[in-house]
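Below: the structure, in structure tokens.
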Amino acid sequence: MTIIDIARICGVGVTTVSRAINNHPDISEETKAMIMKVIKENHYVPNNSARNLKRSASKTIAVLIKGITNPFFNRMIQVFEKEIQRKKYSFILQRVDENQDEIEVAIELEKEKRLKGIVFLGGYFAHAKEKLEQLTVPYVLSTIGMTSEYDPQEYSSVSVDDFKESYKMVDYLCKLGHRKIAIISAPMSDASIGRLRYEGYKKALEDHGLELNENLVRTMKEHIQSYSMENGYVVTKELLESGEDFTALFAISDSLAVGACRAIFECGKSVPQDYSVAGYDGLDIAYYYNPSITTIQQPVEEIAEETIKILFDLINKKITHAHKIFPAELLIRESTTPPS
């Protein structure tokens, strides 16, 4: 049981739990009593001794991951663990729920585990500059698309160009002859990869002289696991039942695309004869699924290795920041064809 678990049970942030433990005046008596009751019931013991040890004695790297059920991250985590242990450091994998603030979680982990560095993996990333400045150890954003409002000299990142790669996929569908292309995207509140992939979709349509049909823009359901097959299934079923006319569907992840195909088959239609379906990520399931799914393949291992390299360069003060953008590859498979 960690302070992060206590925060999750109580439905508050880790800093609120910390205030309750340390009898901080900036917390209501009611909230404090509720937190202390949960602490007692779960036999949680604050790790005060660890806070007093010198940070230099610690050799621990934390990977904070949003969307741990997304199979795209499996290979990355394996590389992280291998490379971190190869450098004789300890490795902590910390799941962050979708409604949790990853910066709050990171700040508390930094105190409890005396971290040397942090990798933020996946999820949305829209935090005020003042909040990011609370982190006192080096960190790298991996597979998190950042918008222009962030100063690139104030953080480090490794990713593909999600706008460019999404554009590449939709451009390919347009060149096949599709004029009515639907998309399963992230909620518009997503300021990172979801928004970038949506913007790439929009730009490709525009460059082909196609008007954006808002009825063909479908967002993932927030009450269902993001980027999951279930989400793709539910959203596509809803799209099909709406009667909106389309010939191709671009899902912003392969898992969403697999779920979409299932919904299409259930309504008595086929892929790609009735609807072309395209994904994004390059998961193994996209190849082994029937029909195999046209996708954008990200260089997963290279992204993970570069993330760790940059993090250790930051830890060893060889650099102050770095950004690496990898090219991805359009893999044309059985799930896409010209419209009939």
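The values are calculated or read from the model by the stated rules, or taken from the named source; none is laboratory data. Note that the structure is a prediction, hence the values are computed from the model and not measured. Using ideal geometry, Cβ is built from the backbone for each residue, glycine included, and neighbour counts are taken over all protein chains shown. Just the protein is used for accessible areas: all its heavy atoms, side chains included, with ligands, DNA and RNA removed. Shrake-Rupley method; radii C 1.70, N 1.55, O 1.52, S 1.80 Å.
Of all positions in segment 176-197, at least one carries a residue that is modelled with pLDDT of 95 or more, touching a Pro at 6+ places or on another chain (Cβ under 8 Å) and open to solvent by less than 10 Å² (accessible area, probe 1.4 Å).
Do you know which residues across segment 257-280 are part of a loop (DSSP other than H, G, I, E, B) and within 20 Å of F72 (Cα to Cα)? Working first, answer last.
First, the residues of segment 257-280 that are part of a loop (DSSP other than H, G, I, E, B): 267-275, 279-280.
Within segment 257-280, G279, Y280 qualify.
What are the residues in segment 309-340 that are in a strand (DSSP E or B), among the hydrophobic types (A, V, I, L, M, F, W, C) and in contact with a helix residue (DSSP H, G or I) (Cβ under 7 Å, 6 or more places away or on another chain), if any?
Within segment 309-340, F326, L330 meet the criteria.
Residue count for segment 193-216 under the criterion of being in contact (Cβ under 8 Å) with a residue 24 or more places away in the chain and either within 17 Å of I264 (Cα to Cα) or assigned to a loop (DSSP other than H, G, I, E, B) (or both): the result is 4.
Does segment 251-269 hold any residues that are surrounded by fewer than 24 Cβ atoms within 10 Å (Cβ to Cβ) and either within 15 Å of the chain's Cα centre (by Cα) or of a type in the set (S, T, Y) (or both), and which are they? Passing the criteria: none in range.
Scan K111, K116, K129 and give me the residue that is exposed (fewer than 15 other Cβ atoms within 10 Å of the Cβ) and among the charged types (D, E, K, R).
Values: K111 fails: exposed (fewer than 15 other Cβ atoms within 10 Å of the Cβ); K116 fails: exposed (fewer than 15 other Cβ atoms within 10 Å of the Cβ).
Result of the check over K111, K116, K129: K129.
Every condition in (1) within 19 Å of the chain's Cα centre (by Cα); (2) assigned to a helix (DSSP H, G or I); (3) under 18 Å from H321 (Cα atoms) holds for V158 except the one numbered (2). Scanning segment 285-308 for residues that are in a helix (DSSP H, G or I) and either touching a residue at least 40 places away in the same chain (Cβ under 8 Å) or closer than 23 Å to D171 by Cα (or both) turns up I285, A286, Y287, V300, E301, I303, A304, E305, E306, T307, I308.
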